[in-house]
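The values are calculated or read from the model by the stated rules, or taken from the named source; none is laboratory data. The model shown is predicted, which means the values in this text are computed figures rather than measured ones. Neighbour counts are summed over all protein chains in view; Cβ atoms, including those assigned to glycine, are modelled from backbone coordinates with ideal geometry.
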Amino acid sequence: ITRLVAEFHADLVITATHGRSGLKRFFLGSVTERLMRTLHCPLLVLPGSEEAKIMGPQKFPFKRILVGCDFSSDSDLAFKTSLSMAQEFQSELHMVHVVEPSGYKELFKMPAEQGEKFKQDLYEMIKDRLKAMVPEEALHWLSLHTHLLVGKPYAELIRYAEINDVDLIALGIRGQGMVEELLVGSTTDRVIRNAPCPVLSICEE
């Protein structure tokens with residue numbers, strides 16, 4: 001597949017999961033996971049047959065796009081791709097950052113009042129950073145939603161997508177390497193396996 005993508009200068013690769021069975025997990029590990037880390041174009045993964053029966057026909061063009069933002073260079077690439085799609089399809093763009101409690105252990109050791117102030121300051125800072133990613137000219141046409149969630153990134157992204165009837169989840173991943181394998185295994189892979197909608201993975205070259 002990678003060879004054909006290079007040969008035909010493909011702009012997008014589309015594949016599908018195979019249901020919630022061991023076969024799906026094997027497929028993700030043996031094919032899709034490798035494609036996510038090696039392709040130099042976006043990979044669109046559609047839910048398998050079981051999910052398709054529940055969800056009905058896929059919604060296209062995508063009217064609600066969710067992009068996971070962690071302020072890394074790869075998530076920035078996913079945001080730029082999502083912004084372009086939002087303009088093309090006149091979609092809502094939902095920018096979501098997930099804070100893991102384990103990363104702020106000291107917060108839970110503070111006195112309640114002090115901890116609450118720190119939490120509010122942190123939330124405002126992150127929301128400001130999310131909004132700062134959006135070019136000023138885009139604010140004239142973009143239907144933007146920014147959200148800060150607390151929990152496991154993959155679980156919160158999936159839950160948000162379900163609650164808000166999201167049509168597409170966009171995630172950035174890095175290229176080949178140990179860090180990227182951990183990311184695929186812990187976040188992107190789990191989102192793809194359980195997402196209620198298609199997932200677009202964008203790999204940083």
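From Lys24, Lys80, which residue is basic (Lys, Arg), on the phi < 0 side of the Ramachandran plot and modelled with pLDDT under 80?
On the way: Lys80 fails: modelled with pLDDT under 80.
Within the list Lys24, Lys80, the selection yields Lys24.
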Filtering the stretch 134-154 down to residues that are of a type in the set (A, V, I, L, M), touching a helix residue (DSSP H, G or I) at 6+ places or on another chain (Cβ under 8 Å) and outside any strand (DSSP E or B) yields Val134, Ala138, Leu142
The stretch 93-141 - residue that is in contact with a strand residue (DSSP E or B) (Cβ under 7 Å, 6 or more places away or on another chain) and of a type in the set (A, V, I, L, M, F, W, C) and, of those, modelled with the lowest pLDDT: Val99
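Would it be correct to say that Leu130 is more than 17 Å from Asp76 (Cβ to Cβ) and surrounded by 16 or more Cβ atoms within 10 Å (Cβ to Cβ)? Walk me through it before giving the result.
Working: more than 17 Å from Asp76 (Cβ to Cβ): no; surrounded by 16 or more Cβ atoms within 10 Å (Cβ to Cβ): yes.
No.
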Looking only at residues that are under 19 Å from Asp76 (Cα atoms) and surrounded by fewer than 20 Cβ atoms within 10 Å (Cβ to Cβ) in the stretch 188-205, which one is modelled with the lowest pLDDT? Glu205
